Structure formats: structure tokens, C-alpha cells
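Everything below concerns the one structure shown next.
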Amino acid sequence: MTPKRLILPLALACLVVGLFCVSVAVGYAPLDIGAAFDDLLSGRPSLSALVLAELRLPRAILGAAVGFSLGITGAALQGLMRNPLADPGVVGVSGAAALGAVIAFYFGFSSTFAMALPIGRLAGAAAATAVLLILAARGAGTVVLILAGVALSSLAGALTALALNLAPSPYAALELVFWLMGSLSDRSMVHVALALPFMTIGWALVLGTGSALDALTLGEEAAESLGFPLRRVRLRVIAGTAAAVGASVAVAGAIGFVGLVVPHLMRPLVGHRPGRLLLASGLAGAALTLGADIVVRLIPTRPELKLGVVTALIGAPFFLFLLIRLKGMER
């Protein structure tokens, strides 16, 4: 990567680091960050060190990791499908992960086992991933994978609605609805340890497809002639998206529009190159998610607004603007 091309990733990385520090510093109660870090590093037990280690740091780490996952996978799916409206939810993994959590909650596993919800989400994501990987391994094209993702999302949504309809009490249904909105509050290092390995694997798989996505802009036949096996590329993108997004939904719930909005904001800055867009979108997604989570904590509402609500309020108007612009370009 030439020095000129490093400017944007470095600037975005600095922005992410700055927002990460702000995220650690912001909370509902004042905290001496310097003293808390001193106590934490020296092993001295204190309330400030406990708050930092068990609340502030996990929330900031997950905010950056979830945002990076959504941003990079959104860019990869848009490049693979050559469709500017594609986002991580299109492959059905998000809906299936949400369904896994709903099942764990509905059958009472979450009341007997603290990590039942995130494990249920990972199980739902794994089931959807298995279906998509089987289709991709058998040579299914991009259109078939999109339709399979839509079918999985529809089925997961219908079963989730059924669980809500049959919930034993309105309070149980309300708790499910709140979880489905997405949030990073009350997360711990256990959640970080559960999700980060899957996210890292997903990032590595997706980042390795950059050259192939660049070639795909010339068409599938041209990409094949340049030596990029599309079946393997689809497998890597789908598997990477499923691992990263499934782990994100497992620990944070459904946070929409980040994977749709961020690639569009970054695309003009990277010369519309899908390969260069991956890292830029990941870093910008991390910055957007951290920023939205900071806003959530600064808004004086109790209980706090859900992170998924804030990202939807940002993303939905942008999505409508995008549709209007695309409609204008078709005329």
C-alpha cells in the first residue's frame, strides 16, 4: 500500500482510537480513569478498577469490534453481489442469530445459565452459516445465495414473531423486544472472549478477498479468467460474514444499517475500489458504532436508548436517500 493510500486508514484508525478513549471515559457516574488504570495494572482491588475492567473496557472493545465487523462485511457483500443495497442482514445470519437467542430465552435457558443467550445466538448463526456454505460449496451463484438469505431471514423472523406471540407473559415479550433492538450495555470481558475469536476469523477471511472483489468489477467471466475462483471467493465472503456478524449479534443483538451506510460513505474516498473499501469500511464502522454508543450514554433518558434504535435513526433516512438517488440514476 502506497503512502498516499495509507492516509485514509491511518486517519480512520486515529478516529477509532480517539472515540475508544472517549467511550471508556463516558459513563453514568464520574470515574478517575487514570487512577482506575493504575489500580487495574497494579492489581489493587478498587471500585473504579472494577467498573473500568467489567463495564467500560468491554463496552468500548465490543463497540469497536462490532462496528468493524458490520462495516467490513457490508463492503464485502456489496462487492461480491455488485449491489449497493446489500448489507450483512441479507445473508440471513443476523435473523438466525436473533432466533437462537429468542429460543434460549423462550425455553428458560437464559434463567439457568448466564451465557445461554450469546451461545444461543452463535448456534443460530452457525445453523444459517451451514446452509449457506452448503449452497456455496455446491456452486450456487450470487443470486441463489441472496434468495437463500432472504428465505432464512423470513423464516427466522416468522419464528421469532411466533415466540413473541406465544410468550408466557407480556413482560417476557417486552424483554425479548428490548433485546432485539441491540445494545452494548452490561457486557463483560466474558462476552469479549466469546465473540472476538469468531470476529477475528471472519475479518481474516473477508480481507483476503480484496483482489478478487476488485476483479469482479469487470464481471464474473473476467474475474475467472484472471485466476480468481469465484466459488472459493463466495465461500470466503459468506463464511467470513457469518462468523463476524454472527458473533456480533451474539453479544450485541441486532444493530442495523451500519453495514449499509458506511461503505457508501467510504466508497468515493477509495476511488470506488472494492478491495480498498474493506479496511476503510471496517474502521469507519467501528468509529460510527463507538460514536453512536457514546451518544446513547449522553442522552439523558432512563432506561437508555438502545444502540440499534440510534443506528436505525441514522441509517433509515440515508437508505431512503440512497433509493431516491438510485431511482434518479435509472432515468
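Structural remarks
- Selection of the range 70-86 for residues being crowded, with 20+ Cβ neighbours inside 10 Å and at pLDDT below 80 yields only ALA86.
- Helices (runs of 4 or more DSSP H) wholly inside the range 225-331 containing at least 2 residues that are of a type outside the set (Gly, Ala, Ser), in contact with a Lys or Arg (Cβ under 7 Å, 6 or more places away or on another chain) and over 24 Å from ALA212 (Cβ atoms): 230-252
- Pairs are defined by a Cβ separation below 6 Å, a sequence spacing of at least 6 or placement on different chains, a first member in the range 197-217 that is of a type in the set (Asp, Glu), and a second member that is surrounded by fewer than 21 Cβ atoms within 10 Å (Cβ to Cβ) and part of a helix (DSSP H, G or I); the pairs so defined are ASP214/GLY275.
- A residue that is charged (D, E, K, R), under 17 Å from GLY202 (Cα atoms) and touching a residue at least 12 places away in the same chain (Cβ under 8 Å) cannot be found anywhere in the range 299-308.
- Spans of helices (runs of 4 or more DSSP H) in the range 69-170 with at least 2 residues without any contact (Cβ under 8 Å) to a residue 24 or more places away in the chain and more than 21 Å from LEU184 (Cβ to Cβ): 109-112, 116-137, 142-165
- PHE228 vs. criteria of a type in the set (Phe, Trp, Tyr), at pLDDT 90 or above and within 17 Å of ALA96 (Cβ to Cβ): no
- One residue alone among ALA156, ALA173 is under 20 Å from ALA116 (Cα atoms), buried (at least 18 other Cβ atoms within 10 Å of the Cβ), aliphatic (A, V, I, L, M) and in contact with a helix residue (DSSP H, G or I) (Cβ under 9 Å, 6 or more places away or on another chain), and that residue is ALA156.
- Residue among LEU122, LEU99 that alone is at pLDDT 80 or above, over 18 Å from ARG234 (Cβ atoms), of a type in the set (A, V, I, L, M) and within 16 Å of the chain's Cα centre (by Cα): LEU122
The values are calculated or read from the model by the stated rules, or taken from the named source; none is laboratory data. Model, not experiment: these values are computed from the prediction. Because the Cβ atoms are built from the backbone with ideal geometry, glycine has one as well, and the counts that use them run over all protein chains shown.
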